[in-house]
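Undergrad: The structure's right below; bear with me while I get my questions together.
The values are calculated or read from the model by the stated rules, or taken from the named source; none is laboratory data. Keep in mind that what you see is a predicted model, and the values were worked out from it rather than measured. Methodologically, a virtual Cβ is constructed for each residue, glycine included, from the backbone with ideal geometry; neighbour enumeration extends over all protein chains shown.
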Protein chains: 2
Amino acid sequence: MLKVCWEGGKEEVYPYVWLKDNCRCPSCYHKVSHSRLTFIEETDLKAEPISVQVIEGGQQVEVVWQDVHHSTYGTEWLDSRGFSEESRQARDSRYRLERKFWGSESLDDYPEVSFKEVITDDVALLEWLRQLEVYGFVKVKDAPAEIGQVRLLAERIAFIRKTHYGEDFTVQAKPDPSNVAYLNGPLQLHADLPYYEYKPGVQFIHCITQYEGVGGDSQITDAIHVARQLQKECPEHYRLLTDTPVDWFDIGTDETGEFYKLLRLPVICTDKNGQIRRINMSQPQRDSHFSVPPGEVTAWYAALVAYYRLLSDPKYCLQFKMTPGTIITFDNLRIVHGRTGYFSGPGERHVQGCYLDWDEVRSRRRVLETKIDPYRSLYNQ
Amino acid sequence: MLKVCWEGGKEEVYPYVWLKDNCRCPSCYHKVSHSRLTFIEETDLKAEPISVQVIEGGQQVEVVWQDVHHSTYGTEWLDSRGFSEESRQARDSRYRLERKFWGSESLDDYPEVSFKEVITDDVALLEWLRQLEVYGFVKVKDAPAEIGQVRLLAERIAFIRKTHYGEDFTVQAKPDPSNVAYLNGPLQLHADLPYYEYKPGVQFIHCITQYEGVGGDSQITDAIHVARQLQKECPEHYRLLTDTPVDWFDIGTDETGEFYKLLRLPVICTDKNGQIRRINMSQPQRDSHFSVPPGEVTAWYAALVAYYRLLSDPKYCLQFKMTPGTIITFDNLRIVHGRTGYFSGPGERHVQGCYLDWDEVRSRRRVLETKIDPYRSLYNQ
């Protein structure tokens, strides 16, 4: 391995095979497309240098390989690609921001940003996207209380994520509803679209008009935080909710034609390292088909009820009434949301919403960081 | 639990809590939206019947619960929701079809369908979607060799999956390319868009004009099949490729603006049950940032090269030259594809492609099955 010592004492080692694989010469690397041009089978697994020199006053390292290929690496380029644990950790926040979990009691203030600032100012936009990734929930205030503003906000980030319901949706009490969200009874805590393997990651809900009587409050809970509490307080419930596959479904016809969605995933989805990646919760979209051995069924229901009780506990669940012009923005893989019931005729409460995917939201955050935040843009060299 | 014995000897047991949770009466269940109307906290975990009766000549089972709630279940409805292993397995193919893995040698014929039949006939459409799910690769033949036909084919299934490159793409040799696919050198075996967490699941490539000289052949390998072979032949290589996170990236500007995609996933992605879910392979889109301890780097490269050699082995890799009008359709989570090099000026070889997500493709398959295939539609009762 190549050992590099910087002034100030920092040291890094670079495996030769990696160095040669990342040669920046024009026959190995296509700069315009940031692309490696070499062939995988020809990777030089036994790469060894015959000479290594620091040149250009410490700005470059020149390596001549045993096959006489020459490579030159910038020392800053090397610095931002260190293999030490410290260097690797320094890069993590470019990839994903660390989540801060919260209950309503531990959250001092609601994370809030101004619609006008976010629309006009890239620094405010970046701050919003960071908070959304860290807390999973941000209120966007003072948007015009008009149809279409929620799309404007979403498209400030990226293109809208389409589902079989189209690109945006409206929730308003209406007769003969095809979805329970249009009724004006309480809407239990849920995450949207649990039957999508590619469940939209970020959801926006814009309050255009609000019911003025009692009720119609919004509820928001950090369901991953609560799942971690459940794991501590009742590991057996947690195990049942992470191990038991549930059928989530949606059958019907909408803007894009007929659909028949079906997905089999636990309520609490963990990856192979045990990290919680996604919460599925939706009483109406849980299928009556339940493909588990009958002996496990009753214990699973008890775990579901216990988890739901925690989710709706005021210790964890934020409750507030949206005012016209407010847009709540949240992580649909992490947050469950609901609405208390209200008693009104059609048309009095009106919200519009849409989705984005985390791929596009994080991409936009990184594009902004490389422009705005020179320290973090180190990663991009 | 409720024990039900059908004529002919079949028996099933149904847990009471599940039965009551799935009461179909109008106050528990909203038929139009297929939605449960009950509250999760009110789930009757101790549900017990005070009477159970078979009524209407064996067509219905009526249950009166201890809280005097009445429920009635159709016996066919119960039959299609059995908890026995046999009944659960019978439902699996509605959810997902079982994959059949293949190498070029084990595949007797290329799976093929006719463009005209698929466009005009729902039975042919269903057959195509089933083959695509089972084999991960189907040739669609005799499409008009014109721009736009690939969109027509995709929209026969569902709406197109958008990426930061837009809704469709064109690959043609052109000067000053921003992506190596536009060069006319060989395109190594790869899967598209490895930097997307929500990597588009199904890819279409339509040959509009073809280079007439030697070269420009298409290559297709079932990379999950090959990964399973690698696991048998060299478990340590397999372990390295399933455990080592790789940074996949794409930075640039296209139709939807600037993008900076970054995703950290192994080459072979397994779920917590050890099942292979996705293959990532792309020499140009593998980042030079590599966030693993330096001591693991060289062994990982050796595993990558070994896997790539198997992927390109003629025993596993299909090679054929697309003729104008052919559309190859394949699973982008499972298949790697490539193209041999060719020597020509711009404009001689021209393909157009687009993507769909598996959520929409499987949804369409199920919609068609409930119409066309009465046996399978059992699941939908």
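Undergrad: What is the residue count in the range B:238-272 for residues that are away from chain A (no Cβ under 11 Å) and in a helix (DSSP H, G or I)?
TA: Final tally of qualifying residues: 4.
Undergrad: Criterion first (modelled with pLDDT of 95 or more, polar (S, T, N, Q) and in a helix (DSSP H, G or I)) does B:Thr298 satisfy it?
TA: Answer is yes for this residue.
Undergrad: Next up: Would you point out which residue out of B:Gln319, B:Gln352 is among the polar types (S, T, N, Q), more than 11 Å from chain A (Cβ to nearest Cβ) and touching a His at 6+ places or on another chain (Cβ under 6 Å)?
TA: After applying the criteria, what remains is B:Gln352.
Undergrad: Do you know which of the residues in the range B:273-291 that are at the interface with another protein chain (Cβ under 8 Å from one of its Cβ atoms) and at pLDDT 95 or above is surrounded by the most Cβ atoms within 10 Å (Cβ to Cβ)?
TA: Within the range B:273-291, the match that is surrounded by the most Cβ atoms within 10 Å (Cβ to Cβ) is B:Gln285.
Undergrad: A further question on this structure: Across the range B:52-93, what is the total count of residues that are assigned to a helix (DSSP H, G or I) and touching a strand residue (DSSP E or B) at 6+ places or on another chain (Cβ under 7 Å)?
TA: 3
Undergrad: In the set B:Ser106, B:Ser114, which member is in contact with a helix residue (DSSP H, G or I) (Cβ under 9 Å, 6 or more places away or on another chain) and surrounded by 15 or more Cβ atoms within 10 Å (Cβ to Cβ)?
TA: Exactly one of B:Ser106, B:Ser114 is in contact with a helix residue (DSSP H, G or I) (Cβ under 9 Å, 6 or more places away or on another chain) and surrounded by 15 or more Cβ atoms within 10 Å (Cβ to Cβ), namely B:Ser114.
Undergrad: Could you run through the range B:25-51 and say how many residues are over 23 Å from A:Asn280 (Cβ atoms) and surrounded by 14 or more Cβ atoms within 10 Å (Cβ to Cβ)?
TA: 2
Undergrad: A further question on this structure: Output the number of the condition that B:Asp359 fails; it satisfies all remaining conditions of (1) farther than 19 Å from B:Glu112 by Cβ; (2) within 14 Å of chain A (Cβ to nearest Cβ); (3) surrounded by fewer than 22 Cβ atoms within 10 Å (Cβ to Cβ); (4) modelled with pLDDT of 95 or more.
TA: (3)
Undergrad: From (1) under 31 Å from the mean Cα position of the chain (by Cα); (2) in a loop (DSSP other than H, G, I, E, B); (3) buried (at least 17 other Cβ atoms within 10 Å of the Cβ), pick out the condition that doesn't hold for B:Glu127.
TA: B:Glu127 satisfies every listed condition except (2).
Undergrad: Checking A:Gly57 against (1) without any contact (Cβ under 8 Å) to a residue 12 or more places away in the chain; (2) under 23 Å from B:Arg264 (Cβ atoms), which test does it fail?
TA: (2)
Undergrad: When the range A:322-347 is examined, which residues are found to be over 25 Å from the mean Cα position of the chain (by Cα) and under 23 Å from A:Val140 (Cα atoms)?
TA: Within the range A:322-347, A:Thr323, A:Pro324, A:Thr340 meet the criteria.
Undergrad: Spot the failing condition for A:Ile147; the list is (1) part of a loop (DSSP other than H, G, I, E, B); (2) under 30 Å from B:Tyr29 (Cα atoms); (3) modelled with pLDDT of 95 or more, and only one is missed.
TA: (2)
Undergrad: Considering only residues of the range B:98-113 that are within 26 Å of B:Asp359 (Cβ to Cβ) and free of Cβ contacts under 8 Å to residues at least 40 places away in the same chain, which is nearest to the chain's Cα centre (by Cα)?
TA: B:Glu98
Undergrad: So B:Val214 fits all but one of (1) over 22 Å from B:Lys272 (Cα atoms); (2) crowded, with 22+ Cβ neighbours inside 10 Å; what number is the exception?
TA: (2)
Undergrad: Right, another one. If I go through the range A:11-27 residue by residue, how many of them are in contact (Cβ under 8 Å) with a residue 12 or more places away in the chain and part of a loop (DSSP other than H, G, I, E, B)?
TA: Within the range A:11-27, residues that are in contact (Cβ under 8 Å) with a residue 12 or more places away in the chain and part of a loop (DSSP other than H, G, I, E, B) number 5.
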